[in-house]
Amino acid sequence: SLNEYSLAYTFNNQIKSDTNIFIGNSIIIRAFNLLFNTFQENINIFSNRGASGIDGNIATAIGITISSKIKNNYLILGDQSFMHDIGSLKILKDLNISLTIIVINNSGGGIFDYLPISNNENKINYKKFIRNDHNETFQRITESYGINYTRIEKLSDFNLPKTKESKVIELLINKDSALNFYKNLIS
């Protein structure tokens, strides 16, 4: 099924040499750490912890893309990180560079489902204030900046684009899929 772990595995099998990959925090960095095992030349992997891990990831990936001579540039981040730096889409459009942003939309801060607090009796407050559950997608906001957008709901539809322009690929995943995968993996 489509989740952070299956994306990391699929991405690993599609990636080519001479590529910059900026990986956001939360589940996706853990999935790549576990499953990304490329030995190709000139694969540069970046990450940025920031104040809480979700601020400025789009802007940082833009900076890496601008300062690098490498043409293949990818940013992989979660929906919360995307929302916290959405204003950087204006910079991305104005610079006319080639950066593919892959947004993992698991309807909120899925990493918190791994913690004991997710089993708290007060599920309503957990979902609202900690996990930040939502039903948002990012097509309208992305297209309002004039950036190409693709929505993916099945892993079989995911292919790394071969474009020379920036785009946003939003992966809509079941929020329980990654947690179930992880629980099966460690049991």
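The values are calculated or read from the model by the stated rules, or taken from the named source; none is laboratory data. Just so it is clear, the structure is predicted and the values come from calculations on it, not from any experiment. Every residue, glycine as well, gets a Cβ built from its backbone with ideal geometry; the counts of neighbours run over all protein chains shown.
Scanning segment 36-55 finds no residues that are at pLDDT 85 or above, polar (S, T, N, Q) and assigned to a helix (DSSP H, G or I).
When 92, 99 are checked against the criterion of being over 18 Å from residue 28 (Cβ atoms), surrounded by 19 or more Cβ atoms within 10 Å (Cβ to Cβ), of a type in the set (A, V, I, L, M, F, W, C) and at pLDDT 95 or above, 92 stands alone in meeting it. When segment 120-153 is limited to residues that are of a type in the set (Ser, Thr, Tyr) and outside any helix (DSSP H, G or I), the one that is modelled with the lowest pLDDT turns out to be 137. Number of residues in segment 155-172 that are within 21 Å of residue 6 (Cβ to Cβ), touching a residue at least 60 places away in the same chain (Cβ under 8 Å) and loosely packed, with under 12 Cβ neighbours inside 10 Å: the value is 1. Taking each residue of segment 72-83 that is crowded, with 24+ Cβ neighbours inside 10 Å and looking for partners that are part of a helix (DSSP H, G or I) with beta-carbon atoms closer than 6 Å, six or more apart or interchain, yields 75/61; 76/28; 77/57; 81/57. Candidates are the residues of segment 17-27 that are over 14 Å from residue 100 (Cα atoms) and over 12 Å from the mean Cα position of the chain (by Cα); the one that is surrounded by the most Cβ atoms within 10 Å (Cβ to Cβ) is 18.
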